[in-house]
Structure formats: C-alpha cells, structure tokens
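Here the structure comes first, spelled out in structure tokens, and everything after it is commentary.
The values are calculated or read from the model by the stated rules, or taken from the named source; none is laboratory data. All figures in this text were calculated on a predicted structure; none of them were measured in a lab. Cβ coordinates were reconstructed from backbone atoms using ideal geometry, including for glycine residues, and neighbour counts include every protein chain displayed. The protein model used for the area step is the full one, side chains on, heavy atoms only, and it has no ligands, DNA or RNA in it. Shrake-Rupley method; radii C 1.70, N 1.55, O 1.52, S 1.80 Å.
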Amino acid sequence: MPSAPAKQVVVYIVGPGRSGSTLLELVLGSLSGFHNVGEIVEFATRGVLDDELCSCGTNFRSCDFWNEVGDVAFGGWTREQALRMFDLRWKVQPRSKLPATMLDIRHRRGPVIEYSAVFGKLIRAVAQVAKADVVVDASKLVTQAVALSASDDLDVRLLHLVRDARGVAYSWTKQDVARPSANAVFTEMKTHKPAASAARWCVDNALAEAIARRGLPYHRMRYEDFVSTPGPTVEAALRGLEIETPSGLATQLGSRTVHIPKGHALLGNPSGFGRSEVTLREDTGWRNGLGSRDRRLVTALSAPMLARYGYPMRSDQNDSPTLREASR
C-alpha cells in the first residue's frame, strides 16, 4: 500500500493581538520555502463573503492566487461553504468552547472535526499553489490553533509571540487607523481600553502556554528580541520548532531591513500591505503615549506575566539580558 502523504507543516503564530504578528509573518514568509497567508481564519467571512482585499491589492474573489487555491482545495469557492464555515466557527472558536472542543477532538466527534478538515484542505492547497514547504498562519487565536491540530492533514507548530503588555495596550488605544483590507464596512481597526487589553493579554498568553502542553512543538519569542536581533531570534525559533533553517537566512536577516516579496495575505495591520521591504525597529510609542495612570494599571494587572517574560516593572528600565534569557 502507498504510504500516506506527509502532513503539511504550519507555523502558527499564537498570542495576543497587536504583538507584532503581521511583521513576524511577513519576515517568515520572505524565507525560502515559506509562504505566509496572514489570518487565514477569516477566509470565509472576510474573503469569500465580504470580498475584502488581499495584500496583493486585489479583491479576494478576483485574486488569481486565491482562486487557484479555492479550485485546488474545493473545486472553487462557494457561498454555501463559506456560510457553513461561518456557522462552524462560532461553535468552535469562542474561548468558552475550548474545553468542549478539546474533548471532541479526543473522541473525534463534533463540529471541530469538520471545521479542521476544511482548513486542512485549504492550507494544503496554499502550500501546493505557492510551492511552499512551510505555511505561516498569523491567525493568533488559541482556539483556532487547537482546531487546526485536529486536522489529519496538518502538522501544527506553535510560535508564541509575546510583547510588553503596555505596548500592546497602547496599540489597542490608537483610533482612526484604517483597516487595509477593508472595502466597504468595518473600515477602521478595533480599539480596546487599557484594562481590557491587559486582561486579554494575560488570558491569551496563559492559554497559549497551556495548549503547548498538549504536545505540539512550541517556541516562545519576544517581539522586542525579534526586531532588535532578527537573524538569531528567528534561527532560535526554527530550531525550537524543529524546522530546518533555510539557506541564506543569516544574510537575509543580517540587517534590520528585509525585502518582502509580493504576497497574498489576508487581514493584518497596515504594515502588511503594499510593502516591498520592512525595516525592523521596536515601536516604543507607548512609553510616551500611554498615560501614567493607564501604564500603572496595565503593569499591575499583568505584573506576574511581565516578570515571567523578562519585562521590567518600570517603563523607564531596560529589560536585562539575564531576564531576557530567562524568558525564553
């Protein structure tokens, strides 16, 4: 009997939003043999149903890449399938569904099995069309990572991206930031108040560590390390995820300016659209932009995990190399 085809390797970026995942997936997607898809969790809603923009600048349903992916995976996109995935998503994705979802995976039953099978076909098709060995998914949601791990087609490896909670909180307060993929509705990026952001930051990071205990390959990366020393930080991540380092990585990431090939990513923030190169530098705007009261509040709410990840309690302190190494 012929052997079963190898599972498709997926580097799944998990963690709180506004942690630099778009920047990270762009850089990973630029490596030889890698292809980034943005937040593919939204393919049915933002893509098939809403026909939002791909990062190539073309609407989803007019994009040659995504049309070929749809043909390979499903024989073409259909509204009926997209509506079915929308329905399944809300049976699988809410955090409150996580215990039931994990139980269903163990017993191979329930909506998560159908949901994961569709994503397995979809991501396999992406790899085939892009001629990629590794697909990079920046969907970030812990529940989505768990669902993908149920697919017989996918080998999911978790890249847990963390950023200082105060930087995340400040990013969520920014108003009037245009959503680059929007074509009609929901034209601006969402906002959250600092306290809510801190709570989400704690929960999402804790859940990311918890699901890693299910045995999935896992590596934690700090945003601040990534933008300051991209080459060594990405190399360490690939080793941790048991992925062979692409040839030329050290040269390609030897400086903070990285060439970005034209891609086909869904959603993300403005840094992912229309860029031929990115210059990696830490966004420290929160140090002056986040008010002292909000800064103290976020620090207090997230203090145990800030310390765990090697961040100083005071924003005027630099994180020490000792703490940085301890956080890995």
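Per the listing S19, S62, S30, S55, the residue uniquely out of contact with any helix residue (DSSP H, G or I) (no Cβ under 8 Å at 6 or more places or on another chain) and either in contact (Cβ under 8 Å) with a residue 12 or more places away in the chain or open to solvent by 10 Å² or more (accessible area, probe 1.4 Å) (or both) is S62. Scanning region 201-210 for residues that are out of contact with any Gly (no Cβ under 8 Å at 6 or more places or on another chain) and either closer than 15 Å to S19 by Cβ or at pLDDT 95 or above (or both) yields a total of 6.
When you look at T78, is it β-branched (V, I, T) and modelled with pLDDT under 95, yes or no? No; evaluated as a whole, the condition is false for this residue.
Scan region 138-159 and tell me whether some residue there is in contact with a strand residue (DSSP E or B) (Cβ under 9 Å, 6 or more places away or on another chain), without any contact (Cβ under 8 Å) to a residue 40 or more places away in the chain, more than 21 Å from W77 (Cα to Cα) and open to solvent by 10 Å² or more (accessible area, probe 1.4 Å). Scanning region 138-159 turns up no residue that is in contact with a strand residue (DSSP E or B) (Cβ under 9 Å, 6 or more places away or on another chain), without any contact (Cβ under 8 Å) to a residue 40 or more places away in the chain, more than 21 Å from W77 (Cα to Cα) and open to solvent by 10 Å² or more (accessible area, probe 1.4 Å). Regarding V41, is this residue farther than 26 Å from N205 by Cα and among the β-branched types (V, I, T)? No. Here is the figure for region 237-253: residues that are over 18 Å from N36 (Cβ atoms), in contact with a helix residue (DSSP H, G or I) (Cβ under 9 Å, 6 or more places away or on another chain) and surrounded by 12 or more Cβ atoms within 10 Å (Cβ to Cβ) total 1.
Table: residues versus (1) closer than 18 Å to L267 by Cβ; (2) in contact with a strand residue (DSSP E or B) (Cβ under 9 Å, 6 or more places away or on another chain).
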site: L26; (1), (2): yes, yes
site: F34; (1), (2): no, yes
site: G57; (1), (2): yes, no
site: M85; (1), (2): yes, no
site: G110; (1), (2): no, no
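Looking across region 67-101, just one residue is open to solvent by 50 Å² or more (accessible area, probe 1.4 Å), touching a residue at least 60 places away in the same chain (Cβ under 8 Å) and either closer than 24 Å to D155 by Cβ or not in a helix (DSSP H, G or I) (or both), and that is E68.
Tallying residues that are modelled with pLDDT of 95 or more and of a type in the set (G, A, S) within region 48-67 yields 1.
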